[in-house]
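Below you'll find the structure, written out as structure tokens, and then a few comments.
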Amino acid sequence: MLAILRRNKIKEIIAEEKSVSVADLAKSFEVTEETIRRDLQELEKEGVLKRIYGGAYIDDVVQDDVDVTLRERIMVKEKEIIADECAKLVKSGDSIFLDASTTSLYIATKVKDLRITIITNSLKIANLLADSPDIHLLLIGGIYNRRSMSLLGKNTEESLKQYFVDKAFISCRSIHQNSGITDSNEQQAEIRKIAIKHSNHTYLVVDHTKFDKTAFAFISNFDDIDYLVTNQKITQDWQNYLDMKKVTIVQP
């Protein structure tokens with residue numbers, strides 16, 4: 001297959017799947033991984049996708065649902081900073097909710113040695129904490145979603161409604177002063193809505209790239225958020241807005 005035809009096919013695949021891996025594409029097109037890396041490099045120059053280690057994803061602000069194995073490799077430094085700040089907020093004896101975001105996965109790595117209760121719908125977080133003797137782990141059941149490696153659906157939502165936690169750590173796709181807190185996946189948005197309602201304190205965890213954008217599914221207004229945790233100093237405009245909404249800002 002000619003390179004231009006292969007790249008056009010990759011465009012079609014990533015438009016539908018939202019993310020691709022180098023290994024899968026190499027196997028599908030029966031070419032070397034180096035060939036696929038060159039293809040992705042050219043497509044990135046065209047603005048079609050963004051490359052990361054092991055693959056690429058499409059940066060669609062309104063609606064995207066990137067595979068979790070690739071999301072783990074996006075904004076790693078920023079997630080580490082946020083996770084460090086969140087870990088300082090968790091105390092022994094707390095009950096906390098961690099959503100199925102990769103930021104929450106980073107948080108889980110920071111708190112796995114504490115004596116706390118963790119509720120989550122993330123299979124990756126559950127696997128990470130499975131051998132932590134001091135963690136009381138509650139995995140909310142439901143329909144398994146391969147892309148996010150999480151449990152979703154009505155059963156998950158109804159199960160989560162049976163519990164209340166001290167602190168909920170909630171991620172999202174985008175935040176905007178007019179449209180509020182939004183996500184790319186409706187089912188994940190529903191889980192986050194419930195967690196917000198069933199927590200004493202809600203911590204919204206967002207890196208700097210998520211500000212001033214709007215995604216597909218509404219989660220919440222800022223009136224329901226207690227803290228916003230981010231990786232760098234926010235603008236004065238956002239500082240004033242969050243102060244008005246009585247949201248405490250946690251930043252390095």
Exercise. Tell me the label-point distance for the pair D24, K50, using the 7 Å Cα-to-Cβ offset, in nm and rounded to one decimal.
Key: 1.9
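Given a cut-off of 21 Å, what percent of all Cα-Cα pairs of the stretch 108-252 lie beyond it?
In whole percent, the share of Cα-Cα pairs in the stretch 108-252 beyond 21 Å is 45.
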Quiz item: What ratio of Cα Rg to 2.2 N^0.38 Å holds for the stretch 173-222?
Solution: 1.06
Quiz item: Counting DSSP beta bridges in the chain, what percent are antiparallel, to the nearest 5?
Solution: 40
Self-check item: Exposure rule at most 16 other beta-carbon atoms within 10 Å, DSSP loop chymotrypsin sites (Phe, Trp or Tyr not before Pro): the chain longest free segment
Solution: 54-162
Quiz item: Taking the Cβ of N231 as the center, what net charge do the other residues with Cβ under 10 Å away carry, scoring Lys and Arg +1 and Asp and Glu -1?
Solution: -2
Quiz item: Any idea how far the Cα center of the stretch 220-252 sits from the one of the stretch 74-149, in Å?
Solution: 22
Quiz prompt | Helix 186-197 vs. the chain, principal-axis angle (Cα, 0 to 90°, nearest 10) | solution = 20
Quiz item: In the calculated pair distance distribution of the chain, what percentage of Cα-Cα distances lie above 32 Å?
Solution: 25
Quiz prompt | trypsin sites (Lys or Arg not before Pro) restricted to the stretch 108-201 and DSSP loop, no more than 14 other C-beta within 10 Å | solution = R115, R146, K161
Exercise. Heads up, I need the accessible area for E46: 1.4 angstrom probe, whole protein in place, Å², nearest 10.
Key: 110
Quiz item: Counting Lys and Arg as +1 and Asp and Glu as -1, what is the net charge of the other residues whose Cβ lies under 9 Å from the Cβ of K197?
Solution: +1
Practice problem: Subtract the Cα-Cα distance of K213 and E42 from 0.36 nm times their separation in residues, and report this length gain in nm to one decimal. | Solution: 58.9 nm
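The values are calculated or read from the model by the stated rules, or taken from the named source; none is laboratory data. If you're wondering where the values come from, they're calculated on a predicted model, not measured in any experiment. Note that we place each Cβ from the backbone using ideal geometry, even for glycine, and neighbour counts take in every protein chain shown. The protein model used for the area step is the full one, side chains on, heavy atoms only, and it has no ligands, DNA or RNA in it. Shrake-Rupley method; radii C 1.70, N 1.55, O 1.52, S 1.80 Å.
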